[in-house]
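One structure below.
The values are calculated or read from the model by the stated rules, or taken from the named source; none is laboratory data. The shown structure was predicted, so the numbers you read here are calculated from the model rather than taken from an experiment. Virtual Cβ from ideal backbone geometry, glycine too; neighbours counted across all protein chains shown. Protein only, heavy atoms only, side chains kept; ligands, DNA and RNA dropped before computing areas. Shrake-Rupley method; radii C 1.70, N 1.55, O 1.52, S 1.80 Å.
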Amino acid sequence: MRRIIPVVAVLVLWVAACDRKPAPVPTTQKDPRIAAVEARISKTTPEGVVIIEKVKAMKPEVNEQISSKTLGEMADKYAKEMGAAYNITPIGWEASQKTLLRGEKAGRWKVVFNYQDYQKQLLAAEWEYNSDTNKLYPFEKANAPGFYEAPEPQGKKGK
């Protein structure tokens with residue numbers, strides 16, 4: 001009996017000590033694909049940041065039709081106004097200058113909007129901005145045209 005009492009006392013102290021340990025902190029690692037996108041975004045030059053702001057204030061052109069809303073307005077619309085189930089999650093914008101083609105003075109820019117859709121798929125919409133003509137148009141055909149809103153049809157004029 002004398003031998004059992006110390007063993008029981010040790011077990012009681014051990015159980016009491018285990019109850020006071022903090023819960024383990026879960027470690028969440030960032031998705032490597034998102035980290036790669038953020039690394040590309042961070043490489044945008046100061047001149048590229050200026051181009052991004054300019055492009056966000058422009059209305060993209062699709063099939064020679066100018067959008068009724070700016071690129072920035074459309075990105076905000078999809079991020080905030082599509083309902084909680086369908087909103088996109090913006091990751092960021094990146095811009096890089098393309099090589100000059102013969103006859104170009106200022107050149108063209110590749111502007112990319114990186115985001116996750118409502119299904120958490122990582123997507124990118126890419127536009128090309130031509131600083132010589134001051135035009136913005138989708139460069140890839142899958143995502144960028146979705147950030148275009150057709151203008152309201154003009155009513156017929158009277159006699």
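Side notes on the structure shown:
- Whether a residue is at pLDDT 75 or above and exposed (fewer than 15 other Cβ atoms within 10 Å of the Cβ) was assessed, and Arg20 does not pass this test.
- Qualifying residue in the range 78-94 (condition: touching a residue at least 40 places away in the same chain (Cβ under 8 Å) and under 26 Å from Pro153 (Cβ atoms)): yes
- Test set (1) over 13 Å from Ile51 (Cα atoms); (2) open to solvent by less than 30 Å² (accessible area, probe 1.4 Å); (3) touching a residue at least 60 places away in the same chain (Cβ under 8 Å) - Leu136 fails condition number: (1)
- Total residues in the range 55-101, condition charged (D, E, K, R), under 16 Å from Asn134 (Cβ atoms) and surrounded by 14 or more Cβ atoms within 10 Å (Cβ to Cβ): 4
- All conditions in (1) free of Cβ contacts under 8 Å to residues at least 12 places away in the same chain; (2) under 20 Å from Gln65 (Cα atoms); (3) open to solvent by 90 Å² or more (accessible area, probe 1.4 Å) hold for Glu152, with the sole exception of (1).
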